[in-house]
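A short worksheet on the structure shown next.
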Amino acid sequence: MGTNGTEAKVNGMKGDPDLHFLLQGGDLLKVRSSSWKKTRHFRLMEDCKTMWRESRKMFKNSKTFSLDDVSAVRMGRQSEGLRKNTEELVEGRCFSIMFKGSRKNLDLIASSEEEAKRWVSSLQTVISNRGNLNRLQKTEHWIFNCLRKADKNEDDQMSQSELKDFLRLINVEVDDEYAEMLFQKCDKSKSGYLAGEEIEHFYKLLTHREEIDVIYGEYAKATGFMSPQNLVDFLIKEQREAATLADAHNIIQKHEPDENAKEKKLLSKDGFLMYMHHPEAMVLNPDHREVYQDMSQPLNHYFISSSHNTYLMEDQLTGPSSTEAYVRALLKGCRCVELDVWDGSDDEPVIYHGYTLTSKILFKDAIKSIKEYAFKTSDYPVILSLENHCSVAQQEVMADHMSSILGSALVTAPLGGGMPTDFPSPEELKGKFLIKGKRLNKLEASFAAADDADVTEEDEANNGDKDELKEEEKKKEKKKLKLAKALSDMVVYCKSVHFNGFEDARRNLSFYEMSSFKEPNAMALVEDSANSYIRHNVDKLSRIYPAGSRTDSSNYSPVPLWNAGCQIVALNFQTSCTDMDVHQGRFLVNGKSGYVLKPAFMRNEATEFDPITLTQGPWLKHKTLHVMVISAQQLPKVNQKKTSIVDPLVRVQVYGVPADVAEKATTSVANNGFNPAWNENFQFDVYVPELALVRFTVEDHDSMSANDFVGQYTLPFESLKMGYRHVPLLGKNGDPLPSSGLFLHIMVLDVE
């Protein structure tokens, strides 16, 4: 209403040809199966955010989706559906729209290659531009969209009843008296409806942030604006940042929207709010958004983002297997994926959860998808964890596929040529694939075999009997393992072995020999001998996987296993839950590389650290965390019904060693998801900050049943910024909620 071109301006794309193309739209062939291909008309709606489609026959059968829910647009027959249901000759006309969360891909065919390219490039451009909007612009965009929805008769005016509808749309329930008071305040013309500037006045009233006024007023005393020195004072005193006048000038230059104020080197209240919403000023330390840790340590000195049953989209009894599941996990930064491989028909190995009704995918298709998406989010190495149930013949096929598809990116021999004594670093392994699986022999044996090749003919004759014995042993070993040599030889740094206790591992296992532990067994080791586990992990890799009883693909807490130095703590990426949120919080930092360096006290083989007994040592750095939960903005509805309004509360949790685990919650605010305020203070003791994580969760309070999840954000304790900070919120699937957030004050103090 009254918003012609507003959305295009908000998107910064007014007059853009890509935007114009999508607003016009066109016909595309939607593909569901080899027999179901139907024409649908697609176009971008005027809000420049919602894609609308209808079937040609029935206008009733129209559907929409938001561009904010799209994770990628892929050219060609890249999706499983298009590869299965279309011919190669239409390759150039095909494209897929991938969604966040568990929503199925949209597979489409354009009428020509040029048109397909146009759709893909236009969608990618508009989605990228939306991603570059700051939170204030997204809020403005969302509010104007809700205003349009509330304007039922589309007369670009807002009556009092439309105003109430609008407030419900933005998640605020008000009584008639308050709605009337707001209306009268804005209806300067006394016409009985709001239009033009009156709607702008209403918008300003609505988005006014009193808490920001108070903070800004404290530092903008002299002129009603913040001078560069005022801004430096704020940054040093409140935000605990080492700021200079040059920093202040940069902030004003970058964030001040008023050209007059910018010319005078002043920061207005709008400019201050724009800055406070910028990622560099939010709760996550901006330096930690990039790779900031030493990546030249041995591979086993890092926590590694890891997935279990990566091929599954849902549960592990009847759920579908899909190459898309690998794509999604890799795009989320996962660096260790699992492949459960079984004999398939036509000599082609397949992946599925054995002895269940889960569907099957070809091993070679999974390897192709992994190759394509492995290094989109992170350049650091990907470990392929093979659960190999194949016959020797099909293992040969597996080895052939990996060799031909992954090529030189596959590590098939130790780096540097000689027998290694330690793992290479993630830096040395950039862009590489490692295979985790069984080997026919020790890695040392392959070098011993090379040495044997240098013996003289006389030695050869003398050693004939010994060689026969060796051959017999090799045959026995091969028979016992039923392992193809070609596949065995691909296992270099991650040889799977049975665990027979820490003492046995110390004496008999080489550094590259690693064990996998069932979740309950690993938890028992943590409780009984955490320090031994930590020392074991200084030298070797450990992989943990969920208990077999978790047939619903539920997860377990990775925190106790990280506390014991376990690197590959594999979770079901396909399952949204608190444990997955905490996992993603751990790997939110260091450039989302999927590798996080373990603290120094977990990389020392003589370490005395025990997360349970917590004796004195360099790990003890007692701090107090003070959190003031001030307010929230634009919380989404949990239930999409028009009349459903959230009653939000905020829960603050600390994860880490047992002594640090704590949680506290605010009271709930009734009927306000738009701008609830709490101003409640909490204090936490944190003893081992290098292992601690902090989680902020918003819930919809329900006195009759369990609270509903609204949004959350988890990050490492040591990545918290102090002072007044906005906290972005992520939805159930771990994707950002575009305009939603919390506003907090955070202080971390050392305890003497």
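We did not get these values from a lab; they are worked out from the coordinates using the rules stated. What you see is a predicted model; the values in this text were computed from it and never measured. As a convention, Cβ positions derive from the backbone with ideal geometry for all residues, glycine included, and neighbour counts pool all protein chains shown.
The Stokes-Einstein estimate for segment 667-752, based on a Kirkwood radius over Cα pairs and taken at 20 °C with 1.002 mPa s viscosity, is a diffusion coefficient of 145 µm²/s.
Rounded to the nearest 20, the Cβ-based charge dipole of the chain about its Cα centre (Lys and Arg +1, Asp and Glu -1) stands at 1880 debye.
Less than 5 angstrom separates the built amide H of residue 711 from those of 698, all sequence-distant by 5 or more or on a different chain.
If you plug the beta carbon distance of residue 600 and residue 347 into 1/(1 + (r/R0)^6) with R0 = 60 Å, you get a FRET efficiency near 0.75.
Treating each Cα of segment 493-635 as an identical point scatterer and summing with the Debye formula, the log10 of I(q)/I(0) at q = 0.17 Å⁻¹ comes to -1.07. Residues whose amide H falls under 5 Å from that of residue 673, counting only those 5 or more places apart or on a different chain, are 172, 173, 646, with hydrogens built in the peptide plane. Take every DSSP beta bridge whose two residues both sit in the chain; close to 75 percent of them are antiparallel. Within segment 212-319, all pairs of alpha-carbon atoms sorted by distance into 10 Å bins from zero give the percentages 12, 34, 17, 13, 14, 9, 1. If you look at the Cα atoms of the chain, you get an Rg and a Dmax of 29.4, 112 Å. Look at the alpha carbon pairs under 8 Å that are at least 6 residues apart: their mean separation over the length of the chain gives a relative contact order of 11 percent. One Cα centroid belongs to segment 408-426, the other to segment 374-392; the line between them spans 16 Å. Among residues other than residue 77 with Cβ under 11 Å from its Cβ, the summed charge is -1 (Lys and Arg +1, Asp and Glu -1). The simple spin-label model puts a point 7 Å past each Cα toward its Cβ; for residue 682 and residue 176 those points are separated by 4.0 nm.
One decimal place: the segment residue 518-residue 32 gains 171.1 nm when fully extended, by the rule 0.36 nm per residue minus the C-alpha distance. Within the chain, the whole DSSP H helices whose Cα atoms reach 20 Å or more along their own axis and whose mean Kyte-Doolittle score is at least 0.0 are 392-406. Here the gap between residue 258 and residue 391, fully extended at 0.36 nm per residue and compared with their Cα-Cα distance, gives a gain of 40.8 nm.
May I ask you to work out the translational diffusion coefficient for segment 376-419 at 37 °C, viscosity 0.692 mPa s, via Stokes-Einstein with Rh from the Kirkwood sum over Cα pairs, reported in whole µm²/s? For these conditions, the coefficient is 260 µm²/s. Once R0 is set to 41 Å, what does the formula 1/(1 + (r/R0)^6) return for the Cβ-Cβ distance between residue 551 and residue 111, expressed as a FRET efficiency to the nearest 0.05? The formula returns an efficiency of 0.35 here. Maximal additional length on extending the residue 211-residue 102 stretch stands at 35.5 nm, based on 0.36 nm per residue less the C-alpha distance. Amide H contacts of residue 72: 98, each under 5 Å away and 5 or more positions distant or on a separate chain (H built 1.01 Å from N in the peptide plane; Pro and chain starts excluded). With the simple model of a label 7 Å out from the Cα in the direction of the Cβ, residue 413 to residue 155 spans 8.2 nm.
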